[in-house]
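Note sheet for the following structure.
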Amino acid sequence: MQTLPGFRDFYPEDCARRDYITAVWRKVARRYGFVEYDGPVLEGLDLYRKKNSGGEILSQLFNFTDKGEREVALRPEMTPTLVRMVAAKESHYKKPLKWFSIASFFRYEKPQKGRSREFLQLNCDLLGEGNQAADAEMIALMVDTLRAFGFTEKDVVLRLSDRNAWTEFLREKTGGDASLAEFLQIIDKLERESDESLHEKLGTVGVTLPDVRDFIANGKPSFLTALMADLEARGLSAFVEVDLTIVRGLAYYTGLVFEVFDRSKKLRAVAGGGRYDRLLSDLSDGSVNLPAIGFGMGDVVLGSLIDQVPAAAEAMKAALLLASASEVYVVIADEARRPEALGIVQHLRNAGRRVDFPLVASKVGKQFQNAEQSGAKVAVVIGNEWPVIKLKHLSTRTEETISLEALADRITDLIK
Ligand code: HAM
């Protein structure tokens, strides 16, 4: 009785990690004025097949025929759904749209480090603004999301590139761009293939490997230089490098593209995105025409990176401890006082505190042990002194006595 390959169970500790990651994602997206949306997990297959994502993703679809004879697929990415949704209600919204979503995706990939068949992504997209200020804003959002996990420019790098630079390169070398899609697929795999196979493949589109390498080393698109200046003004440029080997596997990108990697190069891309200025028009048969830019950040590679970077791992550990701990433990020192203790538990929970207490009669020493393990800062001891209540500060082991009326306010003071 195991999960299917590439699928995950989420035990409480895994849920806690997932909640931490999604809370950070949400916090930073909202800081940039993005609003949350979602779409269906299942879509018509044509959304991907006809006007679609393109490239490798099509061979990785989880698709089937439903009981109503519809060809359907589990969503492999958010962008086609987002574009479909925006095209349907475009006139309802003030531009630019700044939308984010946190959702599960499904791709039938070979499960391996950094690749599963179900994963979570943060998607942030800005639609209706085609200028460079929008590009810089999206890159800053991506960098700030990484910074919020505790990563510095020593841990991660955002590699910027421009597909248009490659289009011009191809035109210059071959006199046309008919083989652009094929050419970009070759560039996308540049770092993973042998020189021999690259020579052969590039030959079919009329380009040489030395010319490609020379362009990567020396090509400096002026458009990217201006973008870097914007990021410099924000103090974020140390996270960003121009790297023309990035072209992205998805078919719909039209210009700027970018990916985030760990500096140690141990992991796959943490995130990727770019401009897709024609997808809305393509998907709506020309009726809606909005420039767009966005990115997706996955939880699987991000999770490995958090584990790999001590500052990020510590930040997560501290946040998890804070989120899971009880604040108050009610010790029932005299079992005859259980009804009064239950009243106190309820009183404190009504006041918004996270409260734990023993469900069965147990020795006071054992209860204090449980109190400490629960992470509580304060133990409220109900015993034969009732109606006087004893408060024990668990970190300093000091004590005070207090009345029921003053209890909730005193605890708020102690815990904040
Ligand atoms: P993508 O590069 O296909 O872009 O995915 C973005 C991120 O999702 C990757 O960098 C990776 O962290 C994660 N990811 C993708 N596939 C898997 C997998 N099989 N297992 C684990 N993690 C995975 C897109 O999806 C675009 N739709 C992003 C975008 C939004 N572009 C514009 N707007």
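The values are calculated or read from the model by the stated rules, or taken from the named source; none is laboratory data. Being a predicted model, the structure only gives us computed values, none of them experimental. Neighbour counts are summed over all protein chains in view; Cβ atoms, including those assigned to glycine, are modelled from backbone coordinates with ideal geometry. Only protein heavy atoms, including side chains, enter the accessible area calculation; ligands, DNA and RNA are left aside. Shrake-Rupley method; radii C 1.70, N 1.55, O 1.52, S 1.80 Å.
Here are some notes:
- Failed condition for Gly55, given (1) open to solvent by 60 Å² or more (accessible area, probe 1.4 Å); (2) in contact with a Gly (Cβ under 8 Å, 6 or more places away or on another chain); (3) among the small types (Gly, Ala, Ser): (1)
- Selection of the stretch 289-315 for residues being open to solvent by 20 Å² or more (accessible area, probe 1.4 Å) and over 17 Å from Asn123 (Cα atoms) yields Asn289, Ser304, Asp307, Gln308, Pro310, Ala311, Ala313, Glu314, Ala315.
- Cβ pairs under 7 Å, 6+ apart, first in the stretch 1-22 and without any contact (Cβ under 8 Å) to a residue 40 or more places away in the chain and over 11 Å from Leu320 (Cβ atoms), second within 15 Å of the ligand (Cβ to nearest atom) and assigned to a helix (DSSP H, G or I): Phe10/Arg18
- Restricting the stretch 355-374 to residues that are surrounded by 17 or more Cβ atoms within 10 Å (Cβ to Cβ) and within 37 Å of the chain's Cα centre (by Cα), the residue that is nearest to Ala325 (Cα to Cα): Ser374
- Looking only at the stretch 207-243, and only at residues there that are in a loop (DSSP other than H, G, I, E, B) and on the phi < 0 side of the Ramachandran plot, the one that is most open to solvent (accessible area, probe 1.4 Å): Lys220
- Val35 in contact with a Phe, Trp or Tyr (Cβ under 9 Å, 6 or more places away or on another chain), within 16 Å of the ligand (Cβ to nearest atom) and open to solvent by 50 Å² or more (accessible area, probe 1.4 Å): yes
- Among the candidates Ala312, Ala341, residue that is more than 30 Å from Lys50 (Cβ to Cβ), modelled with pLDDT of 95 or more and within 16 Å of the ligand (Cβ to nearest atom): Ala312
- Every condition in (1) farther than 30 Å from Ala133 by Cα; (2) of a type outside the set (D, E, K, R); (3) not in a loop (DSSP other than H, G, I, E, B) is met by Leu305 except one, and the failing one is (1).
Every residue, every condition in (1) among the acidic types (Asp, Glu); (2) touching a helix residue (DSSP H, G or I) at 6+ places or on another chain (Cβ under 7 Å); (3) within 28 Å of Pro310 (Cα to Cα), yes or no:
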| residue | (1), (2), (3) |
| --- | --- |
| Glu69 | yes, no, no |
| Leu97 | no, yes, no |
| Lys110 | no, no, no |
| Cys124 | no, yes, yes |
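- Residue check, Leu290 within 11 Å of the ligand (Cβ to nearest atom) and over 19 Å from Val242 (Cα atoms): no
- Inclusion of Ser281 among residues that are over 18 Å from the mean Cα position of the chain (by Cα), farther than 28 Å from Gly114 by Cβ, away from the ligand (no atom under 13 Å from the Cβ) and open to solvent by less than 40 Å² (accessible area, probe 1.4 Å) is warranted.
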